[in-house]
Protein chains: 2
Amino acid sequence: MLAFPDRLEAAVRRRGTPVLVGLDPRWDMLPDGLRGGDPGDLGARAGAVETFCCGVIDVVAPMVAAVKPQVAFFEQLGPAGMAVLARVIAHAQRAGLLVILDGKRNDIGSTAVAYAKAFLGSSGQSPWGADALTVSPYLGADSLEPFVDLACQRGAGVFVLVKTSNPGGRMLQDLVAEGRPVYRHVADHVEALAAATAGRCGYGVVGAVVGATYPEQLAELRSAMPHAWFLVPGFGAQGATARDVAAAMDPRGTGAVINSSRALIFAFRREPFASRFGPERWQQAVEAATREMIEGLRADTPAGRLGDS
Amino acid sequence: MLAFPDRLEAAVRRRGTPVLVGLDPRWDMLPDGLRGGDPGDLGARAGAVETFCCGVIDVVAPMVAAVKPQVAFFEQLGPAGMAVLARVIAHAQRAGLLVILDGKRNDIGSTAVAYAKAFLGSSGQSPWGADALTVSPYLGADSLEPFVDLACQRGAGVFVLVKTSNPGGRMLQDLVAEGRPVYRHVADHVEALAAATAGRCGYGVVGAVVGATYPEQLAELRSAMPHAWFLVPGFGAQGATARDVAAAMDPRGTGAVINSSRALIFAFRREPFASRFGPERWQQAVEAATREMIEGLRADTPAGRLGDS
């Protein structure tokens, strides 16, 4: 199997866009038609979430390279929700999508190994079988090693939180130590891991989560981590625009996937899509919103050059 | 329902010990008699893990205040493992134990709310129904709020990672910013949250994970967080002794729970318990090892005063 960074690059080139569709299936946001039954019945909720996520996947699979399920919204539905997560991941992969699982896991030693084995690798290798997983860096270098080792073995990827998109992220991440902020210390470590695991495309098995809500830091971090794929949250619902995220990409239009979740999957709830489609045609709203995001990124970022070569 | 810090204090006093038994059910470490069947069958593995964890709980319930299941080892077994986790938590609570779930979760906004709802509160309120959850601080203050809010509403608790027991934890946690290490910045925030949510016992809904492997920092952090319950990992298998953890407790012997996992639950694999009991009598080994730890803490820490009042 090709290394994850090369698979991601090929997928982004094939679809001609860095759009990463986030699957944040908040039950209370689902179209009314899917929310029948007893709201206290977690099994019924999980079933609705599965229908919804698979419906989103069917629409976006021909349009984008990858999806990002947010584990919390499946975990909130209990064991039934976690079983649905496995089926949603498998459905996405059968549809040709890469799956970057947003779990922000981490721990030390054999516990980190257990998390890595739970999520990374193909479905025959791990229960959930994701192509990549987001992990938190607070526990330090040795906590990241088991994820990186297993990702290398299994053709999977790891995205380390470097700079998050929320205002409160500054509390710890922007503290200045030894002349540079904490997030730069993390970035330097990520770059070392990425350089050491670089695939044919020049990017490594280890990538970075860098929020779009701080554009100047996005440019700084792009320079600091030339070998790291970026996963960029914060587009759309959190306020960042195409121009804001342009600096995350390399001049060829690769090197970053740009995530939008609620603004795409719940597009039927916002204008202009609400008026055009309404809740019954929620899948058409997903398609139109995704197309709008793809076109916006083509117009205002290096993603416009993805079709050139 | 009483606030979590008061429930924890009452339980520690009732049992006369701060020992927190960690449930890290690594399948390859289980007694041979429990590991029958096809090792590739995750359902069978999950069944063995359930039998083992419930067997540990039955032994330690009369001896200690709380157990700490490590989510990763259940998650590694897929959806069946997560269903077993819910049953193990319920079994522990029926046996009178508090359950501090070690998941090291976190995220931002509505996603943090989803994690909190997944794990915190009684079994009628959340799918897993734990009494408390460990969370990671890298995403900052606003990421912790949803956990604290829900914990206050549901009589549950939150333990924030402050200083972890692994060597690599120093990479980020020991960076010095504005004259003090990053972990002290986290500690100051935890103390503010703990003071604001203090129960009758003087400790708050928000506690701190502070590794036992750095005894001098344990004392420093005890002073810095007078309102925070400490969850202290690193005892036993990771090398810390009773004298090392004494500084985590207040003079009455409360204020900290001291975790040991492998050294207790897999005691049948180490001397002197291996010779005395062997793998068939693994439950007696758990009991003997737990008793040894309880007595060690009574002899060399303020826990010896727990029976006084």
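Coordinate-derived values only; no laboratory data. Values in this document were obtained by computation on a predicted structure and should not be read as measured data. Methodologically, a virtual Cβ is constructed for each residue, glycine included, from the backbone with ideal geometry; neighbour enumeration extends over all protein chains shown.
The residue pairs whose first member lies in the range A:48-61 and is more than 10 Å from A:LEU97 (Cα to Cα), whose second member is acidic (Asp, Glu), and whose beta carbons are closer than 8 Å, counting only pairs six or more residues apart or on different chains, are A:VAL59/A:GLU287. Residue count for the range A:152-176 under the criterion of being more than 26 Å from B:ALA112 (Cα to Cα) and either of a type in the set (Lys, Arg) or buried (at least 18 other Cβ atoms within 10 Å of the Cβ) (or both): the result is 3.
Tell me, which residue of the range B:177-189 that is under 21 Å from the mean Cα position of the chain (by Cα) and within 10 Å of chain A (Cβ to nearest Cβ) is surrounded by the most Cβ atoms within 10 Å (Cβ to Cβ)? For the range B:177-189, the residue satisfying everything is B:TYR183. With (1) within 25 Å of B:GLU292 (Cα to Cα); (2) crowded, with 24+ Cβ neighbours inside 10 Å as the list, and B:MET63 as the residue in question, which single condition is left unmet? Among (1) within 25 Å of B:GLU292 (Cα to Cα); (2) crowded, with 24+ Cβ neighbours inside 10 Å, the lone unmet condition for B:MET63 is (2).
Residues of the range A:80-94 that are facing chain B (nearest Cβ under 7 Å) and surrounded by fewer than 24 Cβ atoms within 10 Å (Cβ to Cβ): A:ALA83, A:ALA86.
Among the conditions (1) surrounded by fewer than 24 Cβ atoms within 10 Å (Cβ to Cβ); (2) within 14 Å of chain B (Cβ to nearest Cβ); (3) of a type outside the set (S, T, N, Q), A:ASP32 misses just one, which is (2).
Against the list (1) crowded, with 24+ Cβ neighbours inside 10 Å; (2) touching a helix residue (DSSP H, G or I) at 6+ places or on another chain (Cβ under 8 Å), the condition A:PRO5 fails is (2). When the range B:145-170 is filtered for residues that are of a type in the set (A, V, I, L, M, F, W, C) and at the interface with chain A (Cβ under 8 Å from one of its Cβ atoms), only B:LEU161 remains.
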